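Written below as structure tokens is the structure these notes are about.
The values are calculated or read from the model by the stated rules, or taken from the named source; none is laboratory data. What you are looking at is a predicted structure, and each value in this text was computed from that prediction instead of being measured. For neighbour counting, all protein chains shown are included, and Cβ atoms are generated from backbone atoms with ideal geometry for every residue, glycine included.
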Amino acid sequence: MRAEQSLFRRMMLGFSAVILLVALGGFLYVALEAKVTQRSRTASENGAHARELLLHLTEIADRPERVHQAAQALEAVRAEMFRQLDYHSHVRVRVWQRGTLLYNSMPELPDALPLPESPAARDANAWVRAVEQDEATGLVVERSHEVDDRWMQSFSGVSFLLRSTVFSLPLLLLPAWLIVGIGLKPLRAFAAAIENRSDQDLTPLPLSTYRELSPLVASINHLMARLRRRIEHEHEFLSDAAHELKTPLAAIQINAHLLQTRGDDARHAEASARLRDGVSRANHLVQQLLSLERARSDAGGDEALPVLALETLVRDRLAAAAPLAVQRCIEIDFHADTPCERPLHQETIWALVDNLISNAIKYSPEHGRIAVRLASRSEGGCLLSFSDQGPGIDEALRQRVFERFYRIPGQAQSGSGLGLAIAERAAARNGASIRLDAGADGRGLLVTVAFAA
């Protein structure tokens, strides 16, 4: 069983993911900016401090030992300031006077330090170097400042940059939890309104004032409208079926009663014949009702249909109808101009052909001719046509004959009025449409079933 998912949790996780992505983007931006700007900023500060130190030492340039002491004292003050600021970069200061080294704050370091972008800087922090000199006194101040741009790759650097996001995340998620909860309240109220409805209430839901819920409300209203139409269809179907079955069942009941009473043989034979006719009519009506319902129910099937040869299915059903045609001396001519292989629902194709050919046989005169033809369409697909020599159907009634139980006024032939309704639904099940036209020279009826490409 599939675990139930939470829309609320989904939205909260999405909100958290957005916050983390924004924080990660900010972290990368700050890290890149710091890496790019730290060297230039360090070089600028280093040059300013070198010039400042030279100005202090120029006044005492005539006393070399005093120059050493002053440089050492000034750098000690600066180192203490950096320590209080939690600034851990190293600084080396060297002072010369006319080629003589008077002061070196870090004698343990090599003479040449790795400069930015140099091969040596790949394995160690780079150093920016500033040199200031005074021609009058011969003083030269060299100040080298370590560029510590690798702190961002350490745990302390990452934690420093992400600290604000980590600490602010709960404060951001709490209002998000409230906002999402309040935002989903109309959806919960909508679900409760549906849950509280009775199973008989299919009236449309009131339109939502929220733009996001309006498509959902409209879709549910459309679904309920379709359900109402289907239920009405079912009620009409049951009512019509009961009405149509009343006549043959009444005839069966009357003739069965006559067979139980005393009478001459001729009367019994007549009652027996009418009884068989009533049973046959009732059986035919039941079969037609089942075919109609099956064709209608299958119309919504989504399963993949097998590819079948339409000409083979038609030929088989025409062969099954041949005895009835021979009984009325009617000739059936079938001609297939081109093969037609396509996805087809076999049972509904049988129902389609059976009803169309049986109607053609029923309404054709004796010694008549029925032409059945299968041809290709210029726009793709194929056409299956049935042409008879019967009385045809008036153009004004050609749409009404597809209604259930509708029979043309003054029609002498017996029938249930379901044949064309079944054929229309069977055609729709197979992606086809039916059209009724006058036959050749305006005589008879031409039924054309058009299968799409």
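So, residue 396, is that one within 39 Å of the chain's Cα centre (by Cα) and not in a loop (DSSP other than H, G, I, E, B) or not? Here the answer is no, as residue 396 does not meet what is asked.
Evaluate the following for residue 308: is it at pLDDT 70 or above, surrounded by 16 or more Cβ atoms within 10 Å (Cβ to Cβ), in the same structural domain as residue 370 (by TED's automatic domain parsing) and part of a strand (DSSP E or B)? For residue 308, the condition - at pLDDT 70 or above, surrounded by 16 or more Cβ atoms within 10 Å (Cβ to Cβ), in the same structural domain as residue 370 (by TED's automatic domain parsing) and part of a strand (DSSP E or B) - is met. Tell me the residue from 325, 271, 336 that is at pLDDT 70 or above, surrounded by 17 or more Cβ atoms within 10 Å (Cβ to Cβ) and not assigned by TED's automatic domain parsing to the domain that holds residue 376, please. The unique qualifying residue is 271.
Condition check ((1) modelled with pLDDT of 80 or more; (2) among the hydroxyl-bearing types (Ser, Thr, Tyr); (3) in contact with a Pro (Cβ under 9 Å, 6 or more places away or on another chain); (4) surrounded by 12 or more Cβ atoms within 10 Å (Cβ to Cβ)) across all residues:
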{"residue": "164", "(1), (2), (3), (4)": "no, yes, no, no"}
{"residue": "169", "(1), (2), (3), (4)": "no, no, no, yes"}
{"residue": "186", "(1), (2), (3), (4)": "yes, no, no, yes"}
{"residue": "190", "(1), (2), (3), (4)": "yes, no, no, yes"}
{"residue": "196", "(1), (2), (3), (4)": "yes, no, no, no"}
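Taking the listed residues 61, 79, the one that is more than 60 Å from the chain's Cα centre (by Cα), at pLDDT below 90, part of a loop (DSSP other than H, G, I, E, B) and assigned by TED's automatic domain parsing to the domain that holds residue 146 is 61, with no other qualifying. Taken together, the criteria exclude residue 427 from residues that are assigned to a loop (DSSP other than H, G, I, E, B) and either under 20 Å from residue 339 (Cα atoms) or β-branched (Val, Ile, Thr) (or both). Pairs linking a residue in the range 185-210 that is within 16 Å of residue 224 (Cα to Cα) to a residue that is part of a helix (DSSP H, G or I) and among the basic types (Lys, Arg), with Cβ atoms under 7 Å and 6 or more positions apart or on different chains, are 202/228.
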